[in-house]
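The values are calculated or read from the model by the stated rules, or taken from the named source; none is laboratory data. Since the structure is predicted, the reported quantities are computational estimates derived from the model, not experimental observations. No Cβ is skipped: glycine too gets one built from the backbone with ideal geometry, and neighbour counts run over all protein chains shown.
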Amino acid sequence: MDYVQQRVAQMASQTDTSSSALLTPLNAILLSLLAYTAYAFLLRPAPPPPSLPAEEPAVVFRTFTPRTLLPYNGADGSPVYLAVRGRVFDVSRGRNFYGPGGPYENFAGRDASRGLACGSFDEEMLTKDLDGALDSLEGLEASELEALRGWEERFEEKYLVVGRLVAVGEEEK
Amino acid sequence: MALLLLQLDESVTGLFGQWNIWTSALFTVFAGFLTYQFVTRQDPDTHPFLLARQAQGSPVRQPGESPVYRPQGAPHGMPLNAGLNVKEPGASKWSRGRDGDLRDVWRQAIAGVQDDGPNKGKTGRILTVLGTDKAIEHSLEDVTRQINLIGQHIADQGGNRVAIYLPNSVELIATLFACAFHNLTAVILPFDEPTDAVISMLRRSAADTVVTAPGSFPFDVVVKNYPSLRQLVWVVDEGSKHLDWNEVPEGTGGAVNVSTWQDIINDSPVDAGKELPSLEGQREPRDITVFWQSKPGQQEEMVRFTSANLVSGIAAQLFALPTAQRLSPADVFLPADSLANTHTLVLTLTALFSNASVAFNSVAAQADDLAIATRGSPSPTVLVATPAALLKTHKESLARINASFLSRTLHRLQVRRIAQSGVFPNPAENNKKLRLILTAERAGADTPLLTTSVLGDLRVLTGARIMYALTAAKVAGAVAQTAFYDYRVYESANGGAAGGESEAHFGPPVTSTEILFRDSGVHKTGDEGSRGEIIVRGPSVAGNEAALGVVGRTRADNTIAYV
């Protein structure tokens, strides 16, 4: 209570000190506030326009032979490519299926046309001779070719075509 | 403790004890300023991220080429914008319409707005601007009648390839539509060319009919040097129509059938030609041939556009305007550039298709002066202007503004505000009617470039938004075009804000084109970005693919620019 009494007495004894000076400390504070807000709203250089992270560089379309396609089998984190009827698809996003350890791993880095058509993942579906002609898909039945077309459509929807597959010696054609 | 409190209390009281009249004034200004800033704050017209990446590159590219760039409006895997989506009356709103052709543009122009809303059924007007304060309105029925009668007349006289050699005028557009409706091939010649250029263009396009105005067409010389001419239609002024234009001077042009536009119209029965040929059983649309003028002294490049090319170019221009800002019957569209220029022609057809009013000004063809082109009545809301005309306006206005410190500072503040806030002040608030300026760089034709800082100045000077396009000989409409809401100003690193060099760009491809860059000399696509000769593909490109012969690149926001 002492404190309150003390203050009241102090205030009562105070004489009127108000003035009409412009440069009182209070006005100085207000002025600087005003100046700062004016600067912030009107003059401060705006932050640079937003920029998005740079795009991934595009994959260059390539011409593969069975031999140059072979390394793209997903081993050691490399991309997983497989070929269907002369078109090379980047199936890296489906690594769980097409990569090492997946059910379709035999197709990685190979021409998978015959295997997909027959619905078989066995080794004998793949073309043995890497330097020979491409699989001409002879001997497939209409239903199997139909199945292959279905696979191709699925691949076109989901994966990128990153190249074409030709037999060794036909790269320039 | 009490002492500390006491001190605090005293200092606060002491501080506010200084409150006086000045403090009140300052406080009022401060509060007012803050309120104003928060009340007038606006979101940018478009999301900044949409401007930060305006086109999408394809994930796979061919060796020796850059990725293929597509605009946001036509992403990869989707068809490019090929048609006008014309629906028969009564068709479901969700059904897919026809691509349409030029005939559908005119049918839409006379049918009026089809979408539900306050404008439903309204049509635009067609005006000829004469001098500064006179404008003649042509009723759409009259123009339809002219289209029918002229087309019928030319077809009856055995015409097949019709060369149009006219300044910007209703007759030019009417002849173009007459050709579309009556199975004729239109050939649009640039106006005001030297005689030998005219003859050479007639010869190359194998025209057998010419629609032109007396005084500008060297009839005698053409007849002597171009015997294939079979038919000529004079478009005669009001002032000289009493002369007998059908009379061919002795010894010249014996084989040429000469008539006048006015006679063909006036000699027909009043009721003739009021109905357009019906939609059912109409023939395939014919091609339209235009001449692209590159540098002075070089021969014009002849380009044949199919009707589908033009329609696709129109569709892309329709799409380029946001829904809220589309052309409407409230707009007055003025082409202050020659209609022989495909970009201007496509924009004019777009305006007709959007039921905007179109004003033709014959002096506009070569006018590099915006003031002359626009001073007539009614004042335009949408203007097509050449970069040269805009630069002239820019130079003159800036000289005036830079004369005083105050106006210069105000101008700079305005330019900065629009560029940085992304908010464009409503033109109506500034008492300005003009709301949009369309202008275009012509690839390989030495047109002056408009940098983003010049465009920024022009936005403030004219109060209108500006869309800057890249155009080329073989592309109907634009190859690429800056976005409607893009007001960004880029000062280059060495120029700085002191008005130095600034970058120019042409925005992303339009929705009817995709662009790629083919390696050319030292300009190769690599890690530092895409660059090379600009190649454009799409339904609006004659022959579906064209190399522009100029070297370009993409900027960080995937807009197209010259190297």
- Are there any pairs, at least 6 apart or on different chains, whose C-beta atoms fall under 7 Å, with the first in the range A:81-95 and on the phi > 0 side of the Ramachandran plot and of a type outside the set (A, V, I, L, M, F, W, C) and the second modelled with pLDDT of 90 or more and surrounded by fewer than 19 Cβ atoms within 10 Å (Cβ to Cβ), and if so, which? A:R85/A:E152; A:G86/A:R164
- If you take the residues in the range B:499-523 that are under 19 Å from the mean Cα position of the chain (by Cα) and small (G, A, S), which one is farthest from the other protein chains (Cβ to nearest Cβ)? B:S512
- In the range B:288-307, which residues are of a type outside the set (V, I, T) and crowded, with 20+ Cβ neighbours inside 10 Å? B:F291, B:W292, B:F305, B:S307
- Task: Residues being in a loop (DSSP other than H, G, I, E, B) and either out of contact with any strand residue (DSSP E or B) (no Cβ under 6 Å at 6 or more places or on another chain) or more than 8 Å from every other protein chain (Cβ to nearest Cβ) (or both): count how many of those fall in the range B:42-65.
- Result: 11
- Query: Hey, among A:F61, A:F89, which residue is under 28 Å from B:P63 (Cα atoms), modelled with pLDDT of 85 or more and out of contact with any helix residue (DSSP H, G or I) (no Cβ under 9 Å at 6 or more places or on another chain)?
  - Reply: A:F61
- Note on the structure: The condition from (1) exposed (fewer than 14 other Cβ atoms within 10 Å of the Cβ); (2) in contact (Cβ under 8 Å) with a residue 24 or more places away in the chain; (3) over 30 Å from B:D557 (Cβ atoms) that A:A142 misses is numbered (2)
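Residues that are part of a helix (DSSP H, G or I), loosely packed, with under 12 Cβ neighbours inside 10 Å and under 60 Å from the mean Cα position of the chain (by Cα): does the range B:23-30 have at least one?
Yes, there is a match, as at least one residue in the range B:23-30 is part of a helix (DSSP H, G or I), loosely packed, with under 12 Cβ neighbours inside 10 Å and under 60 Å from the mean Cα position of the chain (by Cα).
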- Condition met for B:V113 (in contact (Cβ under 8 Å) with a residue 40 or more places away in the chain, within 27 Å of B:P89 (Cβ to Cβ), of a type in the set (A, V, I, L, M) and in a loop (DSSP other than H, G, I, E, B)): yes
- Message: So, B:R145, is that one more than 13 Å from chain A (Cβ to nearest Cβ), part of a helix (DSSP H, G or I) and crowded, with 19+ Cβ neighbours inside 10 Å or not?
- Response: yes
- Message: Let me spell it out: the conditions are (1) in a helix (DSSP H, G or I); (2) modelled with pLDDT of 90 or more, and B:V187 meets all of them except one. Which number is the exception?
- Response: (1)
- Count of the range B:70-125 residues which are polar (S, T, N, Q) and within 27 Å of B:A483 (Cα to Cα): 6
- Query: Would a scan of the range B:87-105 turn up a residue that is within 14 Å of chain A (Cβ to nearest Cβ), among the hydrophobic types (A, V, I, L, M, F, W, C) and surrounded by 14 or more Cβ atoms within 10 Å (Cβ to Cβ)?
  - Reply: no
- Task: Within the range B:187-204, work out how many residues are in contact (Cβ under 8 Å) with a residue 40 or more places away in the chain and surrounded by fewer than 21 Cβ atoms within 10 Å (Cβ to Cβ).
- Result: 5
- Message: Every residue in the range B:284-328 that is in contact (Cβ under 8 Å) with a residue 60 or more places away in the chain and among the basic types (K, R), please.
- Response: B:R286, B:K295, B:R304
- Message: Suppose we keep only residues that are of a type in the set (G, A, S) and crowded, with 19+ Cβ neighbours inside 10 Å within the range B:524-539. Which one would you say is nearest to the other protein chains (Cβ to nearest Cβ)?
- Response: B:S530
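So which residues in the range B:430-488 are within 14 Å of chain A (Cβ to nearest Cβ) and under 28 Å from B:F305 (Cα atoms)?
Restricting attention to the range B:430-488, the residues satisfying the condition of being within 14 Å of chain A (Cβ to nearest Cβ) are B:452, B:456, B:483, B:485-488.
The one that is within 14 Å of chain A (Cβ to nearest Cβ) and under 28 Å from B:F305 (Cα atoms): B:A483.
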- Identify the single condition in (1) surrounded by 15 or more Cβ atoms within 10 Å (Cβ to Cβ); (2) within 14 Å of another protein chain (Cβ to nearest Cβ); (3) out of contact with any Lys or Arg (no Cβ under 9 Å at 6 or more places or on another chain) that A:V88 does not satisfy, given that it satisfies every other one. (3)
- Output the residues belonging to the range B:522-537 that are in contact with a Pro (Cβ under 8 Å, 6 or more places away or on another chain) and modelled with pLDDT of 95 or more. B:V536
- Item | Answer residue from the range A:43-71, given it is out of contact with any strand residue (DSSP E or B) (no Cβ under 7 Å at 6 or more places or on another chain) and not in a loop (DSSP other than H, G, I, E, B) and is nearest to the other protein chains (Cβ to nearest Cβ) among those | A:L43
